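Okay, so here's the structure we're looking at.
Every number here is computed from the coordinates shown, using simple stated rules; none is lab data. Not measured: the values here are computed from a predicted model. Cβ sites come from the backbone with ideal geometry, for glycine too, and all protein chains shown count toward neighbours.
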Amino acid sequence: MGLTFATAAVIPRPFSHRGFAMLQWIHDRLSKVFWFIMAPLTIVFTLWGVHGVVDFGSGSGQGIKVNGEELPIARLKQDYQGQMAQLAKSYPDEIPADIKQATRATLVDQYVNTTLLNQKVNAAGYKVTDSDVIDSIQTNPAFQVDGKFSKDAYYGLLQTRGLTPDRFETDQRAQLKSRALEVALVLSAFATVDEVRTAVALQDETREVASIVLPVAHFAALAKPDRAAVEAYYAAHLDQFKSPDTVRLSYVELKFVDSSGPVDDASLQAYFETVKDRYTQAEKRRARHILIQAGTDAAAAQKKAQEIYALATKPGADFSALAKQYSQDSGSAAQGGDLGMVEKSFFVGPFANAVFAMKVGEIKGPVKTPFGWHVIQLQAIEPALVASFDSVKAALTHEYQKTEGERQFGERQEKIEQLAFEASGTLAPIAKALNLSIEEVPAFYDGLTGNALASNPKVLKAAFSADVLAGQNSRPIEIAPGDVIVLRASDRRVPAQLPIDSLLAKAEDGARRELGARDAKAAAARLVANLSAGTAWDAVVKSVGGIAADQSKNATDIKVAAFKSVGRKDRTVAPDVLSAAFAATAPSASQVSAGSLSLSSGDWAVFAVSKVAPGVLTDKASASAEKFSRSVGAQELGSYLMSLKAKANIKMNPSLFE
């Protein structure tokens, strides 16, 4: 049974603790500190997995057991499928096996972690009330509009995520339990002043850094390889100087096309009947209510509600005034108990059943729900509305044509799959049966320009597969949504070594790039040697093309950046250079600390560090200190989880996801 947020009830928090005193203090502050504290915890869950402490024996049953407690495997699998659906957007062809495995492992870790923490807080006697769950949901920014909780936002977001209120609220209850222990561990962690001071000195350290980037292209443009160098490059890279693996490609292509022909009214009317629910607005009702919370004395609350019911049903009684006077629902009392015009699903079960069985003006009560006792007055009914066929005919026509096109495409796709298998050695029967033309690519190979099929990995894989090269048809290949091909390959020409003279320009370019890389590395070494010998930065800059500091020529030329103070997270310096500069030894009073490195692009860079300023622990550095303390707490939580797992009896079916 879901909680009713139409009432926005606020219930006192009668926490029940036995021997876990700190959790009350944590819970009272949870809404304020949760987002501040919990950020590092997802990292902990990623780093501290269940691997090494799980029994994958065949006797583990159908799913996962943690200390004898069976985990909700159906829900875990549902969550896994949801994550696979999200990943499929990034991997439209096929999700890599290692990504699937990592997703499974992470999901299992999360479920095991949550179960272990819940077992711990349950043993400590910590309870979560309905009021706790309501508070956690109503204070969630995702369910708020203009800073206030919105029923529409709440139910709408759950619907888009495929969640029911019951499941979400159950999950929230479990999470609040485990979070209490997590936050207790994080908040109870601390670092000494010396530890924080050392951490801040490193984290907030700044360095004066200058750099020179030496593009390989710059030096390659100056290189002049002789015939011997070109031949040496050719001999060392023979695979680059072969003809491509080539086949003659034949294929038929089936594409989805909307059914744009005329549609008769009978077909359209029949289709309308199948989708009528999408053009139906559910019945809505407007009600007022007076809530008497059950509290610690349910009988007294019921009696009070009965007394109010008697007052409300007296002739001439003002229900709105009574609600303002007696209702304990802080969300609606000021509005005379008005709950707005809403659908039945917006209310909790007993309340919804009562409201949608009443007549306008009728007063009913007391009605029992998890929040207490309600006296209800029905204000108005907005009947369900079904759009007329004529009003949606135009939209239906286009929708029907698209749907009909999809149906026809589905039938043709099944046919092409059948014929591709039955007529394995030829495309002719497929072309005849589906009225398709057979297309030809005389010389098809990986890297062929001007042909979209040559850039499609699935097509390339099929064209050079053993079955297709043996003369069989490929299986249907979806090259795009609504676009399927079946192909054959013939006249294969295997790669052959090409003479150097036929590709002399390519060999010269390769030799030139190789020399350029060598010269860029040597130039970087010379610059570092000069800087280490005491040569001034400006003098070193002038030695590489006479370029003044902070100037550059073009995209392939040397780039110089003058000294400037940067932190560890500076984004104006290339990450590789920044990392190397902060790893370098501190400079002396008389000369800079210099070094060189190969960048991820293949170019070379030279850097110099002229000054190091450690971070200082001041009032302004408190954020860094807090961050360090949180990281200590996160590490302690990770260690705590590892200790729980080391002591736990965890069994998992190795075939769980198969």
- Query: More than 18 Å apart: what percent of Cα pairs in region 283-383 qualify?
  - Reply: 40
- Query: Hey, what D do you get for region 468-619 in µm²/s if you plug the Kirkwood alpha-carbon radius into Stokes-Einstein at 37 °C and 0.692 mPa s?
  - Reply: 161
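I'd like the FRET efficiency for Arg248 and Glu417, computed as 1/(1 + (r/R0)^6) with the beta carbon distance as r and R0 of 22 Å, rounded to 0.05.
Rounded to the nearest 0.05, the efficiency is 0.40.
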- FRET efficiency, 1/(1 + (r/R0)^6) with R0 22 Å, evaluated for Glu343 and Ala321 via beta carbons: 0.20
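Set the Förster distance to 25 Å, then compute FRET efficiency between Lys89 and Ala142 from the Cβ-Cβ distance, nearest 0.05.
E(calc), rounded to 0.05, equals 0.75.
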- Query: Cross-link partners among aspartates and glutamates for Lys255, C-alpha distance below 15 Å, same-chain residues fewer than 8 apart left out?
  - Reply: Glu404, Glu406, Glu411, Glu414, Glu417, Glu439, Glu478, Asp483
- Task: Work through the residues other than Asn530 whose Cβ is under 15 Å from its Cβ and net out their charges, Lys, Arg +1 and Asp, Glu -1.
- Result: +1
- Taking a cut-off of 26 Å between Cα atoms, list the lysines near Lys100, but don't count ones fewer than 8 places away on the same chain. Lys65, Lys77, Lys89, Lys458, Lys461, Lys645, Lys651
- Taking a cut-off of 16 Å between Cα atoms, list the lysines near Lys242, but don't count ones fewer than 8 places away on the same chain. Lys506
- Query: Per-residue HN-Hα couplings for region 396-408, Karplus 6.51 cos²θ - 1.76 cosθ + 1.60 at θ = phi - 60°, whole Hz, x for Gly and Pro?
  - Reply: 5, 4, 5, 5, 5, 4, 5, 5, 5, x, 5, 5, 5
- Query: How big is the C-alpha Rg of region 194-293 next to the rule-of-thumb value 2.2 N^0.38 Å, as a ratio?
  - Reply: 2.96
- Query: What ratio of Cα Rg to 2.2 N^0.38 Å holds for region 368-443?
  - Reply: 2.41
